[in-house]
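Below is one structure, written out as structure tokens; comments come after it.
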Amino acid sequence: MEYELKKIDVKQSAKVLAAVALIINLFISVFGFIALVFGVQTTVSFDYIISISVQGLVWKIGLLLLSPILMFILAYLSFAVVFLLYNYVVKYTGGLKLHWVNADNDA
């Protein structure tokens, strides 16, 4: 079966992908906290659309706490822009074509 993706639900799709980015960033923050607890000299920075780097233990902890929230917001906005552009462009170019097969019958 062949399908064509003609429209993407911007809010829902951006929310889902931003939530995935938040979860990934949470794991990174946990590893950052573990490194700080064990006294590892780490550079803590946030680099997605905007760049934030901090020095000092209190600032590092603050950025590690804040980075998942920043990631969610910025990922949501960037994915929303991509999906809005896709929905605009697809009117003139056609959508992505997907070819689906039933895995049980294709063995």
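What follows is calculated from the coordinates using simple rules that are stated; it is not laboratory data. Remember, predicted model here, so these are calculated numbers, not experimental data. So basically every Cβ, Gly included, is an ideal-geometry build from the backbone, and we count neighbours across all protein chains shown.
Stretched out fully, how many nm does the piece from Tyr48 to Lys6 gain, at 0.36 nm a residue minus the Cα gap?
12.2 nm
Assuming charge only on the beta carbon of Lys and Arg (+1) and of Asp and Glu (-1), the dipole of the chain about its Cα centre is about 380 debye to the nearest 20. Excluding same-chain pairs closer than 8 in sequence, count the lysine pairs in the chain whose Cα atoms lie under 21 Å apart. Close lysine pairs found across the chain: 7. Measuring max minus min along each principal axis, the C-alpha atoms of the stretch 2-99 give extents of 55, 24, 17 Å (largest first).
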